[in-house]
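Heads up, the thing below is written out as structure tokens.
Just so it is clear, none of the values below were taken in a lab; they were calculated from the coordinates. Computed from a predicted model, the values in this text were never measured in an experiment. Cβ: placed from backbone, ideal geometry, glycine included. Neighbour counts: every protein chain shown.
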Amino acid sequence: METIRKFSAKNGMEIILRPASPDDSSGIIKTLKSPAPERSYVLTEHGGKSVQSERNYLKSLNTEKNLLLVATTGSEVIGTLAALQADEGRRPESFNIAHIGLHIMESYRGFGIGSQMLEYSIEWAREHGFKIVDACIFTTNTIAPNIFKKAGFAEEGSKTRKVRFGKECIAEVSVVKCLD
């Protein structure tokens, strides 16, 4: 698999997909914190709290079992996808599961970028021995479920009160794809 992939988005814009580097830290944070009409809530428990914490996270990431992918136009990061080994590989029963999180800046949605990023991550997961890829999508995000469904993911279940923001509880749907 080539680590750098170029394609033309549906609007004709050239997009580059590649593994993230520490130099992408501020662009990743900007993308994760970009507002979205569906009020998707991105949880940044690993990195993403500051440019320095994101840089440190990227430097320490085991890239044999974890992928942090960026979509760029020129030098601007417009999307990010994390495919992280479940339980950091510590449990044999979840060793071959990769959890996926995807975020694309609102102005770049609808052009096939998310689908291309998912395709890249699924190919990467297969090459790295993963058997299952899954994702959890907040129900306030009405767009992402369609992207995952087109990529062959099936809904597996939901949690009605996954996170709380202020007085509002947000539900989450789990989707999964077997790679066998």
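When each of Lys177, Lys131, Lys10 is scored by the number of other beta-carbon atoms lying within 10 Å, the sequence from fewest to most is Lys10, Lys131, Lys177.
Computing FRET efficiency as 1/(1 + (r/R0)^6) for Thr63 and Lys149, where r is the C-beta to C-beta distance and R0 is 30 Å, gives about 0.60. Arranged from fewest to most other beta-carbon atoms within 10 Å of their beta carbon, Ser75, Ser94 become Ser75, Ser94. By the beta-carbon count within 10 Å of each Cβ, the least crowded to most crowded order of Glu76, Glu54, fewest first, is Glu76, Glu54.
In a reduced charge model with +1 at each Lys and Arg Cβ and -1 at each Asp and Glu Cβ, region 5-136 shows a dipole moment near 120 debye about its Cα centre. Round to the nearest 0.05 the FRET efficiency obtained for Met1 and Ser115 when R0 = 22 Å and r is the Cβ-Cβ distance. Once the sixth-power term is evaluated, E becomes 0.85.
The label point for Thr160 and the one for Thr73, both projected 7 Å from the Cα toward the Cβ, are 4.1 nm apart.
Checking the Cα-Cα distances for Lys6/Lys30; Lys59/Lys167; Lys30/Lys150 against a 32 Å cut-off, the pairs over it are Lys59/Lys167. Computed from the C-beta positions of Leu179 and Gln52 and an R0 of 25 Å, the FRET efficiency is 0.10 to the nearest 0.05.
Report the full-extension gain for the segment Lys131 to Asn11: residue separation times 0.36 nm, less the Cα-Cα distance, to one decimal in nm.
My answer for the length gained is 39.8 nm.
Note that region 139-151 has calculated 3J(HN,Hα) couplings of 5, 6, 8, 8, 8, 4, x, 5, 5, 5, 4, 4, 8 Hz, one per residue in order, obtained from phi through the Karplus relation 6.51 cos²θ - 1.76 cosθ + 1.60 (θ = phi - 60°); glycine and proline are x.
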